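The values are calculated or read from the model by the stated rules, or taken from the named source; none is laboratory data. Bear in mind the structure is a predicted one, so any value in this text is a computation, not a measurement. In this analysis, Cβ positions are derived from the backbone assuming ideal geometry, glycine residues included, and neighbour counts consider all displayed protein chains. Only protein heavy atoms, including side chains, enter the accessible area calculation; ligands, DNA and RNA are left aside. Shrake-Rupley method; radii C 1.70, N 1.55, O 1.52, S 1.80 Å.
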Amino acid sequence: WNGQQLKVCAMVTDRWSSILHPGILRLHSCFINQRALFFVHEYAPNARSLYDVYMNNFNIISQQQLNPLPERLVWSLIMQLISIIRAVHSANLACRSSLLPNHIMVTRNPTGAGNTTRVRIGSVGVIDALEFDSRKPLEELQNSDMLLLGRLIVGIATRTWIVPQKNSSSFTGKSSDEAQLRSCIAFMSNHYGNPSPDLTNLVMALLQFNSNNINNSKPPTIFELCSSAIVSNHALDELNGANSALDMYDTQLCNEYESGRGLRLLMKMGFINERPEHGFDREWAEMGDCYVLKLFRDYVFHQCDDMGRPVMDMGHVITALNKLDACDSEKIALASRDGNSLLVVSFADVARCLDSAYQQLCASCVPNPVFGGSDSTVGGNSLGSMAYSSVRRGGGGTRGNYIALYGTTSEQQEHQHYVSQYHHQRMMGLGVGMGMDDSAAGACVNDGTGTNTRNYANY
């Protein structure tokens, strides 16, 4: 590959990677390796092609029994495609083969709120790089996009994809597929024409269809199409669906945040209550602020009725934790297990005791172990001079991010400072998720031989 071809790859990558749109699977890089051309695009999990989802195994021409899509769904897909094309044409580019149904990816929102079906175009920039030397004028390529959009709408509405004929002068030139397009448009007029013929009129405008033939006149530009009354009316419906989805996500995020606040309180109390190394410390024994936390733990989780039977009241637990988090001034009575002590405190008093004890515990805790010295031991095992440490965080499963440490003591100390800061942020809720999807984090130690790797601790 010569320098000119490398410049083409760089130019295509720069132009397409600059387009940020939710309906475009972004091109991250285009490079050459071992005389082969590679494209790296954004990944869409659980996506299927538009052809597989809506057009496979359906053929209106063969008169097979069809199950037409709801008109609201058809318009939602059309509005998303129009938005994508508008973004591409605004950047002085053309979608080209990315508008083929096997290159359009479909994902669905499992919650069912708002826009439950999303479409994204893929394989952007591929044709631009492969056919760079024989590229056509931009206006002609963008006109082809509009003609292909008309065919896509016909395909979605009738669940039939009519492949453009190669011997046609354009996507809609007089060819052997003219009869098929007429049949599909007639079906759309019968099924979607009542009460409003907007869908049929839109296709006729894009394909330049009239009563006599399908001509080769230029279709409307994407900007003319966006300003038309047909598109404007249905774009508002799509906007309403997007706002509904946003409200739903906001509600779910609030619920997750509420759960995270309760979890942080439980983790703090778990660190503080009944620490065995502080059994003879007055601050952690049967007196002082920490004793209040021990009684509050019994008040929340260990209540019994008059017959001595345990009371499993989740509502009481959640209410108590919420009042503790809000530092409520409500007074509660905390009794010791032997019944000899009775304290009357407010939730605000308990919250102050919890924060004070936790800060004291953080100030006196042992830093995370630094591996690598000849005298370093973890769990009674000597470690070699080369050590490896990793902390996995977030994402769940195998999708977590890994932070590795090799080599000198200064590098190890810097890494351990990061780990300590990370766990402190998780406890205090400073921008780190505490949801159920977080993966269990742990530490691994390697003795440097490449064969002896064990799990020594969980953070």
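Check Leu361 against each of (1) modelled with pLDDT of 90 or more; (2) surrounded by 13 or more Cβ atoms within 10 Å (Cβ to Cβ) and name the one condition it does not meet. It is condition (1) that Leu361 fails. Among the residues of this structure, Asn233 does not count as one that is over 19 Å from Arg86 (Cβ atoms), outside any loop (DSSP other than H, G, I, E, B), within 38 Å of the chain's Cα centre (by Cα) and at pLDDT 80 or above. Could you check, for segment 160-178, whether at least one of its residues is part of a helix (DSSP H, G or I) and modelled with pLDDT under 85? Yes, that holds for at least one residue. Considering segment 184-204, and only residues there that are open to solvent by 40 Å² or more (accessible area, probe 1.4 Å) and in a helix (DSSP H, G or I), the residue that is nearest to Met79 (Cα to Cα) turns out to be Asn201. In the set (1) open to solvent by 70 Å² or more (accessible area, probe 1.4 Å); (2) closer than 16 Å to Gln208 by Cβ; (3) modelled with pLDDT of 80 or more, the condition left unmet by Lys136 is number (2).
Yes/no per residue for (1) modelled with pLDDT under 85; (2) of a type in the set (Lys, Arg):
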| site | (1), (2) |
| --- | --- |
| Gly260 | yes, no |
| Arg264 | no, yes |
| Met267 | no, no |
| Phe271 | no, no |
| His278 | yes, no |
| Val292 | no, no |
| Leu295 | no, no |
| Asp298 | no, no |
| Phe301 | no, no |
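Just one of (1) touching a strand residue (DSSP E or B) at 6+ places or on another chain (Cβ under 6 Å); (2) crowded, with 19+ Cβ neighbours inside 10 Å fails for Thr117. It is (2).
Can you report the number of residues in segment 17-35 which are over 22 Å from the mean Cα position of the chain (by Cα) and within 23 Å of Leu100 (Cβ to Cβ)? Please lay out each step first, then the result.
At the first step, the residues of segment 17-35 found to be over 22 Å from the mean Cα position of the chain (by Cα) are 30-35.
Add one more test, that the residue is within 23 Å of Leu100 (Cβ to Cβ), and what stays is 30.
Adding up the residues that qualify gives 1.
Condition check ((1) at pLDDT 95 or above; (2) assigned to a helix (DSSP H, G or I); (3) of a type outside the set (D, E, K, R); (4) closer than 30 Å to Arg135 by Cβ) across all residues:
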residue: Val53; (1), (2), (3), (4): no, yes, yes, no
residue: Gln63; (1), (2), (3), (4): no, no, yes, no
residue: Leu66; (1), (2), (3), (4): no, no, yes, no
residue: Trp75; (1), (2), (3), (4): no, yes, yes, no
residue: His89; (1), (2), (3), (4): yes, yes, yes, yes
residue: Thr111; (1), (2), (3), (4): no, no, yes, no
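Checked against the criterion of being in a helix (DSSP H, G or I), modelled with pLDDT under 85 and open to solvent by less than 20 Å² (accessible area, probe 1.4 Å), the candidates Leu181, Leu152, Leu148 yield just one match: Leu181.
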